[in-house]
1. So, Phe126, is that one in contact with a strand residue (DSSP E or B) (Cβ under 8 Å, 6 or more places away or on another chain) and aromatic (Phe, Trp, Tyr) or not?
2. Tell me, please, whether a residue that is loosely packed, with under 13 Cβ neighbours inside 10 Å, touching a strand residue (DSSP E or B) at 6+ places or on another chain (Cβ under 8 Å), closer than 29 Å to Arg70 by Cβ and of a type in the set (Ser, Thr, Tyr) can be found in the range 227-237.
3. For the range 202-219, enumerate the residues that are surrounded by 13 or more Cβ atoms within 10 Å (Cβ to Cβ) and either part of a loop (DSSP other than H, G, I, E, B) or among the polar types (S, T, N, Q) (or both).
4. Thr173 - would you say it is out of contact with any strand residue (DSSP E or B) (no Cβ under 7 Å at 6 or more places or on another chain) and surrounded by fewer than 21 Cβ atoms within 10 Å (Cβ to Cβ)?
5. Of the residues Leu33, Leu3, Leu16, which is open to solvent by 90 Å² or more (accessible area, probe 1.4 Å), more than 26 Å from Glu161 (Cβ to Cβ) and at pLDDT 85 or above?
6. So, in the range 165-214, exactly how many residues are in contact (Cβ under 8 Å) with a residue 12 or more places away in the chain, more than 25 Å from Asn89 (Cβ to Cβ) and basic (Lys, Arg)?
Amino acid sequence: EALPAVMVPELPGDKLLYPSFLRSLDCFSSPFLSKEDKTRNRLYADEKNRATNKGSFQSMEDWLSTLNIRIRTEPINSANSSRIAQLLNKTNQFNLNTRRLSEQELLHWVSIKNNFLWAFSISDKFGDAGLCGILGMSVVNDSAQITDFIVSCRVIGRKLEETMLGNAIEKATNLNCKTILAHYIPTDKNQPCLSFFEKSGMRISETEVSGKVELEFFWNCGKKYEIPSCVNFSHAV
């Protein structure tokens with residue numbers, strides 16, 4: 001009664017019927033299992049090994065330089081669109097504005113002229129974390145707006161964020177944009193994303209929307225944003 005959104009199934013009286021009853025429920029169904037979902041146990045083991053290894057270094061930069069970080073980007077396509085939609089809709093902590101779209105809505109948005117979206121995958125000497133970053137961008141006249149900037153919480157701090165921003169600025173420059181901006185909409189959970197942009201070197205301006213302060217971050221495209229030297233960054237062919 002207090003939480004009407006919570007489903008409380010009425011279990012059958014006969015305990016022998018529990019297995020078939022649980023299998024009949026649709027609340028455990030998932031419409032899509034990504035490669036990352038299927039290898040989650042291995043990903044946790046890889047992360048444990050990273051944490052153990054990290055403790056033997058005196059500084060974060062020293063540790064990162066030994067990881068052999070490899071980041072790869074590619075546009076949205078039929079092979080990665082389901083995983084991109086999954087990450088877009090479930091990521092809260094490192095999410096610029098928490099935009100939610102279904103896979104079909106996302107593909108429709110990308111089909112509109114001057115809308116772009118790229119996926120980022122990351123791996124290192126401990127293992128492959130898979131597709132963990134999303135960058136969306138929309139170009140209007142000579143300005144590019146970052147519509148989506150999303151990083152899985154599993155890889156925050158491994159220079160994927162800086163690589164994505166550097167790539168965004170490079171893309172905007174190649175599209176003859178003079179400025180690139182990121183509009184941050186605060187939620188109860190996305191403080192990590194704000195912390196990154198505040199330290200990114202971008203200029204900041206404040207706007208008030210419905211009584212809430214929202215921030216915009218700007219960068220002049222004539223100025224290069226350096227991708228971290230500890231990252232081996234590549235584009236899909």
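The values are calculated or read from the model by the stated rules, or taken from the named source; none is laboratory data. Just so you know, these numbers come straight off a predicted model, no measurement behind them. All Cβ positions, even for glycine, are placed from backbone atoms using ideal geometry, and neighbour counts span all protein chains on display. Heads up: the accessible areas ignore ligands, DNA and RNA and are worked out on the full protein's heavy atoms, side chains in. Shrake-Rupley method; radii C 1.70, N 1.55, O 1.52, S 1.80 Å.
1. no
2. Looking through the range 227-237, at least one residue is loosely packed, with under 13 Cβ neighbours inside 10 Å, touching a strand residue (DSSP E or B) at 6+ places or on another chain (Cβ under 8 Å), closer than 29 Å to Arg70 by Cβ and of a type in the set (Ser, Thr, Tyr).
3. Met202
4. Yes, satisfied.
5. Leu16
6. Total meeting the criteria: 2.
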